[in-house]
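*Asks:* One structure, as structure tokens, below. Some questions next.
What follows is calculated from the coordinates using simple rules that are stated; it is not laboratory data. Note that the coordinates shown come from a computational prediction; the quantities given were computed from them, not determined experimentally. Here the Cβ positions follow ideal geometry from the backbone for every residue, glycine too, while neighbour counts run over all protein chains shown.
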Amino acid sequence: MDYEKTRHLMIEQQIRPWEVLDPVVLGLLTKLKREDFVPPVYRSLAFVDMAIPLGNGEFMWEPKLEARVVQNLALKGTDRVLEVGTGSGYLTALLASLAAEVVSIEIDPELKETAEKKLQAHGLENVVVKLGDAARDWNADGKFDAIVLTGSSPVLPEAYLSRLNPGGRLFAVVGEDPAMSALRVTCAGPGICRRECLFETSVRALVHALEPERFAF
């Protein structure tokens, strides 16, 4: 398989048409080998427009979604990033390639261990992967300039907004099938946040995701 040719086709046929045009992001997608983060049995599908199984019911996002999220977070080289759900580690690697520091929380011990090894193999020393449940909040490690939830949540955990520094951005997929929205929340300061719906999508929910109140009659 010609990985470089297939990678080029992925960028031109999937990612650019999905409004990912930032040359920094596109260059990073060319440089960082996505196939290294895909389970070996699915390596031939590394550039296909699909979510790839990681085991234990978890999935790696499709390439265009990873690219769109990175572009919309608009990371700077001084940013601290919190990632909720490490998964394959590929999105983690993209974030770490653009930011100063990434703290990534993974609830599944096997996924955590596998992702750590892959990140280390790529020489990404500005990433800390921690085992834990961050579906509703993560009150450790201080504040962040960007937060990304890699699983959906029926309700946006408002606690995360207090974890953002002024000017911080949060990306989350909010809602339940068939109506999920990808949101970017930008906070100028405490309680001063602007929400923007970027696109519609469908993503598996985080384990222990925040549920809306259900009324019983």
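*Asks:* With runs of 4+ DSSP H residues as the only contributors, calculate the mean residue ellipticity of the chain at 222 nm using -39,500 (n - 2.57) per run, divided by the residue total and rounded to the nearest 500.
*Replies:* Only helices count here, giving -7000 deg cm²/dmol.
*Asks:* Just need the relative contact order of segment 109-205 here, percent rounded to a whole number, with Cα pairs under 8 Å and 6+ apart.
*Replies:* 21 percent.
*Asks:* Restricting to Cα pairs below 8 Å that are 6+ residues apart, what does the relative contact order work out to for segment 3-201? Please round to a whole percent.
*Replies:* Details: 364 pairs, mean separation 27.5, N = 199.
About 14 percent, as a whole number.
*Asks:* What lysines could a cross-link reach from Lys118, if we take a straight Cα to Cα line under 22 Å and drop same-chain neighbours fewer than 8 places away?
*Replies:* By straight Cα distance, Lys118 reaches Lys31, Lys33, Lys64, Lys130.
*Asks:* With axes computed from alpha carbons, what is the tilt in degrees of helix 63-73 against the longest principal axis of the chain, rounded to the nearest 10 within 0 to 90?
*Replies:* In the chain, helix 63-73 runs at an angle near 50 degrees to the longest axis.
*Asks:* Let me ask something additional. Can you tell me the orientation of helix 109-121 relative to the chain, as the angle in degrees between its alpha-carbon axis and the longest Cα principal axis, to the nearest 10?
*Replies:* The angle comes out at about 50 degrees.
*Asks:* Another one. Kindly point out, ordered by number, any Cys in the chain whose beta-carbon has no other cysteine beta-carbon under 4.7 Å away.
*Replies:* Cys197
*Asks:* Let me ask something else about it. Please return the longest range in the chain lying between exposed loop sites, taking GluC sites (Glu not before Pro), DSSP loop only, at most 14 other beta-carbon atoms within 10 Å, and leaving the sites out.
*Replies:* No qualifying site falls inside 20-124, the longest such stretch.
*Asks:* I need to check one value: relative contact order of segment 1-97, counting alpha carbon pairs closer than 8 Å and at least 6 residues apart, in percent.
*Replies:* 28 percent
*Asks:* Only bridges with both residues in the chain count here: give the DSSP antiparallel percent, nearest 5.
*Replies:* Close to 50 percent.
*Asks:* For segment 182-200 and segment 113-148, what is the centre-to-centre distance using only Cα atoms, to the nearest Å?
*Replies:* Rounded to whole Å, the Cα centres lie 22 Å apart.
*Asks:* Can you give the three extents of the C-alpha atoms in segment 3-201 along their principal axes, from longest to shortest, in whole Å?
*Replies:* On the principal axes, segment 3-201 reaches 47, 35, 35 Å in Cα extent.
*Asks:* 5 Å is the cut-off here: which amide hydrogens, built 1.01 Å from N in the peptide plane, fall below it relative to Met180, excluding neighbours closer than 5 in sequence?
*Replies:* Distant-sequence amide H within range of Met180: Thr201.
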